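Remarks on the structure that follows.
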Amino acid sequence: MSGEGEKMEVEPLPTTAALAEPVKPAEDEEEDCSDLSNLLESINDADKTAADKINILTSVLNEPSNRYGPTASALKERAVYALARAYCEDNRHDEVVTLLTGTTCAPFFANVTKAKTAKVVRAVLDAVCALAPEQLDMQSKICRNIIAWCQAEKRTFLRQRVEAKLAYVFFQQDKYGEALTLVDNLLVELKKLDDKQLLVEVHLVESKIHHGLRGMAKAKAALTASRTNANAIYVAPALQSQIDLMSGVLHCEEGDYDTAHSYFLEAFEQLDQLDDREKAVPCLKYMMLCKILDGLSKALGISAKGNMGIRSDRNEADISGMITGKRGVKYAGSDVEAMSAIAAAASKRSLKGYEAVLVKYPHELQDDLLIKHHLGTLQEQLLESNLIRIIEPYSCVEIDHVANLIEMPLPGVEKKLSQMILDGKFHGILDQGKGQLVVYEDADTDKAMEKGLKVIENMDKVVTSLFSRSKNLRSMMV
């Protein structure tokens, strides 16, 4: 028996309206999506063309039942990725541009969460850029379309990530002005939000842009900002390798080849572990380039001190140890062969051999801006080395004779010899009236004379000071 203040709880009877409503399936009841699954599996048939795949995948996304449960959403997400790949295979790049912002994916994006939408958009964008890396105009258009769509839908975080991608596309197109403007505006927003992950990526792109503009100080500052933000968060190995690679590039531009080699080695080892051959091969080429330039620079530094005919140390210029064993087998190819040929020419100081290698491997040596720039430096060093070797036996030699031996035009040889004299590579003068080069022996400086001149200079200061004081005393007495 219950107390007087208590009442018995009775379930209310269902109303007529409630009885008239259809019974909804339970949320945990799985949908029947076997037809969608079968359609997705059918695109793997060998006889299906890219056009057939596109029609099938479009029908999956626009199926009339409008199913968007967990299973159906997962299948339609796979269909979006496959449709982007099919468009790239069929070279229908205009369709790729409007894929994400058009009517094909609109119903799917309207029925999934914003986080899922952002994931799909970024994955499709990365996949398209990987499948069509040369189609930079298409990548730029699809990024612009997504940014406009994000602004209309007020999806700020996704817009910022796509803008970062667009800035990198502009950099690849050599549109440094547009890329820098976009990066500057984006950095203002990101610093307010303190999004360190995206700050690392955007500062890295900014460093690459300034390097392309040959602004080394600003490139180093941007890279330092990227490293500072990276130290506060976890950075994926792929991104860390790009930071190390950029550090190596900047040190290489400054002529610090030992430090640059260390950074390139760090980047190469990370990419090797990720099995990313496409990005690992350039790192290996940069390592070989640093080894060549460092060895030749040391040899020429010794030559400039008086031993003009000295050859570069074989151990310093030889890079055979870098491409032997597992590394040599894994990354063997025309790129490694081209750098090995350059190293052989540098070891022999053969200018003819060097020029022959440039003709034989134009794609491997001229397409990369860093290698192209420093190979020009290497050519200058080889030219200086050959000129020093030719003039070593002489105290006076005809410039025309030097030009004939090195097989270069006379004006070019005169200009280079004058530059070397001004740079202190050797002591001499050009007697253009007689067309001769007069070479002087390097004489050791007289340290006693230098110290004597300093003593005389100090004595002059003391006497001058005493004279001024005596003059002041006389004026006071008068």
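The values are calculated or read from the model by the stated rules, or taken from the named source; none is laboratory data. Note that the coordinates shown come from a computational prediction; the quantities given were computed from them, not determined experimentally. Virtual Cβ from ideal backbone geometry, glycine too; neighbours counted across all protein chains shown. For the accessible areas, the whole protein counts, side chains as well, though only heavy atoms, and no ligand, DNA or RNA atoms are used. Shrake-Rupley method; radii C 1.70, N 1.55, O 1.52, S 1.80 Å.
Pairs are defined by a Cβ separation below 8 Å, a sequence spacing of at least 6 or placement on different chains, a first member in the stretch 126-151 that is more than 14 Å from Asn91 (Cα to Cα) and in contact (Cβ under 8 Å) with a residue 24 or more places away in the chain, and a second member that is open to solvent by 70 Å² or more (accessible area, probe 1.4 Å) and assigned to a helix (DSSP H, G or I); the pairs so defined are Ala127/Arg85. Inspection of the stretch 90-100 identifies no residue that is touching a Leu at 6+ places or on another chain (Cβ under 8 Å), outside any loop (DSSP other than H, G, I, E, B) and surrounded by 19 or more Cβ atoms within 10 Å (Cβ to Cβ). Just one residue in the set Gly255, Gly248 is more than 17 Å from Leu204 (Cα to Cα), touching a residue at least 24 places away in the same chain (Cβ under 8 Å) and open to solvent by less than 50 Å² (accessible area, probe 1.4 Å); that residue is Gly255.
Table: residues versus (1) modelled with pLDDT under 90; (2) outside any loop (DSSP other than H, G, I, E, B); (3) closer than 30 Å to Ala403 by Cβ.
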residue: Lys416; (1), (2), (3): yes, yes, yes
residue: Phe426; (1), (2), (3): yes, no, yes
residue: Lys434; (1), (2), (3): yes, no, yes
residue: Met459; (1), (2), (3): no, yes, no
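Inspect all residues belonging to the stretch 437-447 and state whether any of them is open to solvent by less than 70 Å² (accessible area, probe 1.4 Å), under 19 Å from Lys352 (Cα atoms) and touching a Leu at 6+ places or on another chain (Cβ under 9 Å). So far as the stretch 437-447 goes, no, none of its residues is open to solvent by less than 70 Å² (accessible area, probe 1.4 Å), under 19 Å from Lys352 (Cα atoms) and touching a Leu at 6+ places or on another chain (Cβ under 9 Å). Flag not set for Ala106, criterion: modelled with pLDDT of 85 or more and of a type outside the set (Lys, Arg).
Is it true that Ser418 is out of contact with any helix residue (DSSP H, G or I) (no Cβ under 6 Å at 6 or more places or on another chain) and surrounded by 10 or more Cβ atoms within 10 Å (Cβ to Cβ)? Against the criterion (out of contact with any helix residue (DSSP H, G or I) (no Cβ under 6 Å at 6 or more places or on another chain) and surrounded by 10 or more Cβ atoms within 10 Å (Cβ to Cβ)), Ser418 qualifies.
Among the numbered conditions (1) among the small types (Gly, Ala, Ser); (2) loosely packed, with under 13 Cβ neighbours inside 10 Å; (3) in contact (Cβ under 8 Å) with a residue 24 or more places away in the chain, the only one that Ser475 does not meet is (3). In this structure, His211 qualifies as assigned to a helix (DSSP H, G or I), crowded, with 22+ Cβ neighbours inside 10 Å and at pLDDT below 95. Taken over the stretch 122-137, the residue count meeting the criterion of being open to solvent by less than 40 Å² (accessible area, probe 1.4 Å) and touching a helix residue (DSSP H, G or I) at 6+ places or on another chain (Cβ under 6 Å) is 6.
Cβ separations smaller than 8 Å between residues 6+ apart or across chains give the following pairs from the stretch 374-385 residues that are over 21 Å from Ala260 (Cα atoms) and in contact (Cβ under 8 Å) with a residue 12 or more places away in the chain to residues that are among the small types (Gly, Ala, Ser) and assigned to a helix (DSSP H, G or I): Leu382/Ala345; Leu382/Ala346; Ser385/Ala299; Ser385/Ser303. Selection of first residues in the stretch 67-78 that are at negative phi and in contact (Cβ under 8 Å) with a residue 40 or more places away in the chain and of second residues that are in a helix (DSSP H, G or I) and open to solvent by 20 Å² or more (accessible area, probe 1.4 Å), restricted to Cβ pairs under 8 Å at least 6 apart or on distinct chains, gives the following pairs, ordered by first then second residue: Ser73/Lys116; Leu75/Ser37; Glu77/Lys116. Scanning the stretch 40-89 for residues that are acidic (Asp, Glu), outside any loop (DSSP other than H, G, I, E, B) and open to solvent by 20 Å² or more (accessible area, probe 1.4 Å) yields Glu41, Asp52, Glu89. For the stretch 265-289, taking the residues that are within 14 Å of Gln240 (Cα to Cα) and in contact with a Leu (Cβ under 7 Å, 6 or more places away or on another chain), the one that is most open to solvent (accessible area, probe 1.4 Å) is identified as Lys279. For Ser385, the conditions (1) at pLDDT below 85; (2) exposed (fewer than 13 other Cβ atoms within 10 Å of the Cβ) are fulfilled apart from (2). Taken together, the residues in the stretch 386-405 that are touching a residue at least 24 places away in the same chain (Cβ under 8 Å), of a type in the set (A, V, I, L, M) and part of a helix (DSSP H, G or I) amount to 5.
Considering Leu166, Leu199, Leu213, Leu250, the condition of being aliphatic (A, V, I, L, M) and closer than 30 Å to Gly295 by Cβ is satisfied by Leu250 alone. Is at least one residue of the stretch 153-172 over 18 Å from Glu77 (Cα atoms), open to solvent by 10 Å² or more (accessible area, probe 1.4 Å) and small (Gly, Ala, Ser)? Checked the stretch 153-172: at least one residue is over 18 Å from Glu77 (Cα atoms), open to solvent by 10 Å² or more (accessible area, probe 1.4 Å) and small (Gly, Ala, Ser).
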